[in-house]
Amino acid sequence: MVWLLPLICTACADSRRPGQQLQGEGGASAQADGDRDRDRDRDQAGALGNTPGEPGGDVDGDDPDRCEARTTTVEVATQSVDKIDLLFIVDNSGSMREEQESLREQFPRLIAALTSGDREGDGVQDFPPARDLHLGVLSSDMGLVGIDGIEKCHGLGDDGVLLNAPSPEVIGCQPSYPRFLSYLADVNDPGQTAVDFACIAALGTDGCGFEQQLESALKALWPSVDIDPDTGQPRHPNRVLFLGDVNGFGQLGHGDTENAGFLRNDPSVGLSAIAVVVVTDEEDCSSANTSHFTPSYNLDPDDPRATQDLNLRCFFNPENLYPVERYINGLKALRPGNEQLVLFSAIVGVPQDLVEPARYNDVDWQDDAARNAFYDEILNDMRMQQVVEPNQPEHGGNLMPSCNTTRGRAYPPRRIVEVARGFGANGVVQSICQDDFSPAIDAIVERAGRQLGAPCLPRPLARRSDGLTACEVIWELPPVGSASPATPVSCGAPGYDFLDEPSSGGDSSARGGARCAVRQVAVENGEPRPTAGGASGWYYDDFSESVASECQGASKQRVAFTPEAKPPIGVKVLLTCPTEHGELCDG
């Protein structure tokens, strides 16, 4: 049996100081010790964007310029992906009744496609099916901390806690549900799972009208104890804090408390893909400072806010909102080293014609230029500009709608679109102004399907005439005293003669364990063959029947391990390639 590992990397669009290693898209760099110390210090200062204007979680210290580094290092996972943790953030303000109904109508289609791998429903499997789903629902209601007197906006609101109350509006609901739903292949029925999901996703329309969709998602998933993946120890302070009350209550996330178990974070049993879906007809108003919501009767008449309609307070006071980078970086940081497993989708108020299927499907989502052109077209469209509507009634002011249907209006969601853009090929934007959400669900399923099954390389590596590549695979072993009995703690451990001292990067990792280079096995005439060092190790597979059948699209290549070289539990695996050869920096 051959053990296969994923590698996710992108063209090296970033630069580093000479000798500094890079982070590829969806992977974490094995930085020099000094860089790790610098980043850790900055992390502890709250670099994921706890206050407006902060960098919003640039924990890897990217310098956007050009590719100058000599090596690119990415972390690779050791198991295929067959799990999805699917989280819907549903706007439950007063204008969302019809849109919630349209969403629920699509749940049978969504669950059936994910669990069968059949995207079109034509009986042909398009991707490996998900065998294990977690399904959760949040509202957009985060209250208005510190503000009194605004109807339906009390305290912390629903506070990013998963909702599970069965709706009386949906037929066939159970009397009660767990905090989140679970689906297991060969155990649960997809049809019943879809019904149950509709039961807990019918949130009604009594939520706060000042939606904080992005903050709700991050608070739901971020842990109250922020574990450093390099050391296994808690970070102090937590990198992401939330707006608390006067007593400080509410500052910590719920990912490991109220919502514990929703995310599968144990690499020994296989990580899950995380799919976050925002459904709303309003712009995000995630606020680090709620003072702009103070009712006019509590303000000095000379205060500029006193003449601002409440509906326009977020528009007039953007300095009080969290930067969108908080959500791009914060959600990706839930999968350190495997950021490609985090997906972000939005069914929002973009004009329908900008995302119609013919136009949407014509975009090469793997191409940065094509993808950015798509987002530029949306954000530059006149209907997506945030302009105060003229001739407003007194105290009823609002923005001009971005789309207007018989079911109601939707408003320009520029912040949410920017977050989707920040997820690259893992971002989806669709229109809530569609009567039928089928195109939106199709796009979400297509993105999720890419992460399922045996992971493959997005770009080929260059194989030399001797059957080897110029890349090196490194095992970072756990420190002595923290490894399982079957896991080595040194490169010379018995039974691991395919491990050697690394050629660069030092002989120990940031977490205190040994670093070992895995011997590469050459490939000749479409088969791995022993080298002078032996027959065990890793090799570059672009020839096997399995890679041809299991890898999607043009990504018909991956890193493979011989059976004896399967990485044990607790081992972090890195792949390092010299960029001057173009193996990883070729885009």
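Just so it is clear, none of the values below were taken in a lab; they were calculated from the coordinates. As the structure is a prediction and not an experimental result, all values here were calculated from the model. Quick reminder, even Gly has a Cβ in these numbers, built from the backbone with ideal geometry, and neighbours come from all protein chains shown.
Across all directions, the average projected area of the convex hull around the alpha carbons of segment 469-542 is 5.7 nm². In terms of packing, defined here as the mean over residues of other Cβ atoms within 10 angstrom, the peptides 408-418, 345-355 line up highest first as 345-355, 408-418. Between SER555 and ALA306, the simple label model (points 7 Å from Cα in the Cβ direction) yields a spacing of 5.8 nm. How big is the gap, in Å, between the Cα center of segment 267-287 and the Cα center of segment 349-396? Going from one Cα centre to the other spans 21 Å.
The fraction of Cα-Cα pairs per 5 angstrom bin, counted from 0 for segment 168-220, comes to 4, 15, 21, 20, 17, 15, 6, 2, 0 percent, rounded to whole percents. As a rough footprinting exposure proxy, the listed residues HIS236, HIS134 were ranked by other beta carbons within 10 Å of their own, and the order from fewest upward is HIS236, HIS134.
If the chain linking THR205 and ALA493 were pulled fully straight, counting 0.36 nm for each residue of separation and taking away their Cα-Cα distance, it would gain 97.5 nm. Qualifying chymotrypsin sites (Phe, Trp or Tyr not before Pro) in segment 291-393, where qualification requires a DSSP coil assignment and no more than 10 other C-beta atoms within 10 Å, are lacking entirely. Taking the DSSP beta bridges with both ends in segment 88-450, the antiparallel portion is around 35 percent.
A cut-off under 10 angstrom between Cβ atoms defines the neighbours of GLY492, and their net charge, with Lys, Arg +1 and Asp, Glu -1, is -3. Restricting the GluC sites (Glu not before Pro) of segment 148-257 to loop positions (DSSP other than H, G, I, E, B) with no more than 11 neighbouring Cβ atoms within 10 Å leaves GLU151.
If eta is 1.002 mPa s and T is 20 °C, what Stokes-Einstein diffusion coefficient results for segment 116-254, Kirkwood Rh from Cα pairs, in µm²/s? This corresponds to a translational diffusion coefficient of 121 µm²/s. If you average the alpha carbon positions of segment 117-163 and of segment 306-325, how far apart do those two centres end up, in angstrom? Value for the Cα centre distance between the two parts: 24 Å. Stokes-Einstein, applied to the Kirkwood radius of segment 237-289 over Cα pairs at a viscosity of 1.567 mPa s and 4 °C, places its translational diffusion at 91 µm² s⁻¹.
Rg(Cα) of segment 88-450 divided by 2.2 N^0.38 Å?
Scaled against compact globular proteins, the figure is 0.97.
Cβ crowding within 10 Å, taken as a proxy for footprinting-reagent exposure, orders VAL90, VAL388 from fewest neighbours to most as VAL388, VAL90.
Tell me, in nm to one decimal, what length is gained between VAL187 and ILE227 on full extension, where the rule is 0.36 nm per residue of separation less the Cα-Cα distance? That pair, VAL187 and ILE227, stretches by 11.1 nm at full extension.
Give the order of SER431, SER465 when sorted by the count of other beta carbons within 10 angstrom, beginning with the fewest.
Result, fewest neighbours first: SER465, SER431.
Segment 190-241 and segment 417-484 have Cα centres lying 22 Å from one another.
Within segment 375-509, the percentage of alpha carbon pairs spaced more than 24 angstrom apart rounds to 62%.
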